[in-house]
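Note sheet for the following structure.
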Amino acid sequence: MSSDELLEQAARFHGHLGPFLVLGLKAGLRAVEILGWKPLKMMATIILVRKIPYTCFLDGVQFATGCTLGKRNIEVLEGRGIRALFSLEGRGIELTVRDEVLRKAESAGSRMEEVARDFMAKKSEELFEEKLI
């Protein structure tokens, strides 16, 4: 699936295209790239500010990984910034949204689709600090 098709499907799932959705999508895609695609076995713990627009990150993660609130294989905790921990079969990855990326997402305003597309075009290491766990 192309990046444009992926964005279109994720935006349809979420209801609109925005930078926090794309950050969650990119985090989830990176987790799947490193750990593999097993939506019934992967676990995700997301630490973030539990208010909109930060929580839009959750829909991106759910869309990309198949970890869902319904299956209870995603946990949401209150915290500062945005950090995502993914685990599968004894392996894990921790992704923390870089401060400058978070500030850009927070200030997107009426440019939210433009910022979202910009994030989609970036490499994972440009968006996240990454640690294998």
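The values are calculated or read from the model by the stated rules, or taken from the named source; none is laboratory data. Please read these numbers as outputs of a predicted model, since none were measured by experiment. Heads up, the Cβs are rebuilt from the backbone with ideal geometry, glycines too, and the neighbour counts pull from every protein chain shown.
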Does Val49 fit the bill of being under 24 Å from Arg103 (Cα atoms), more than 13 Å from the chain's Cα centre (by Cα) and free of Cβ contacts under 8 Å to residues at least 40 places away in the same chain?
yes
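Is there a residue being under 20 Å from Glu113 (Cα atoms) and in contact with a strand residue (DSSP E or B) (Cβ under 7 Å, 6 or more places away or on another chain) anywhere in the range 26-37?
Among the residues of the range 26-37, at least one is under 20 Å from Glu113 (Cα atoms) and in contact with a strand residue (DSSP E or B) (Cβ under 7 Å, 6 or more places away or on another chain), which makes the answer yes.
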State which residue is surrounded by the most Cβ atoms within 10 Å (Cβ to Cβ) when the search covers only the range 27-47 and only residues that are part of a helix (DSSP H, G or I) and of a type in the set (Val, Ile, Thr).
Val32
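Among the candidates Ser3, Ser107, which residue alone is hydroxyl-bearing (Ser, Thr, Tyr), in contact with a helix residue (DSSP H, G or I) (Cβ under 9 Å, 6 or more places away or on another chain) and free of Cβ contacts under 8 Å to residues at least 12 places away in the same chain?
That would be Ser107, the only listed residue that is hydroxyl-bearing (Ser, Thr, Tyr), in contact with a helix residue (DSSP H, G or I) (Cβ under 9 Å, 6 or more places away or on another chain) and free of Cβ contacts under 8 Å to residues at least 12 places away in the same chain.
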Expected single match for surrounded by 15 or more Cβ atoms within 10 Å (Cβ to Cβ), at pLDDT 95 or above and basic (Lys, Arg) among Arg83, Arg91, Arg50 is Arg83
Could you say whether any residue in the range 110-133 is at pLDDT 95 or above, within 20 Å of Pro39 (Cα to Cα) and surrounded by fewer than 13 Cβ atoms within 10 Å (Cβ to Cβ)?
yes
Counting only residues that are hydrophobic (A, V, I, L, M, F, W, C), in a helix (DSSP H, G or I) and more than 18 Å from Gly81 (Cβ to Cβ), how many does the range 53-69 have?
2
Close pairs from the range 70-87: first of a type outside the set (A, V, I, L, M, F, W, C), partner part of a loop (DSSP other than H, G, I, E, B), Cβ under 6 Å, at least 6 apart
Asn73/Cys67; Glu78/Arg50
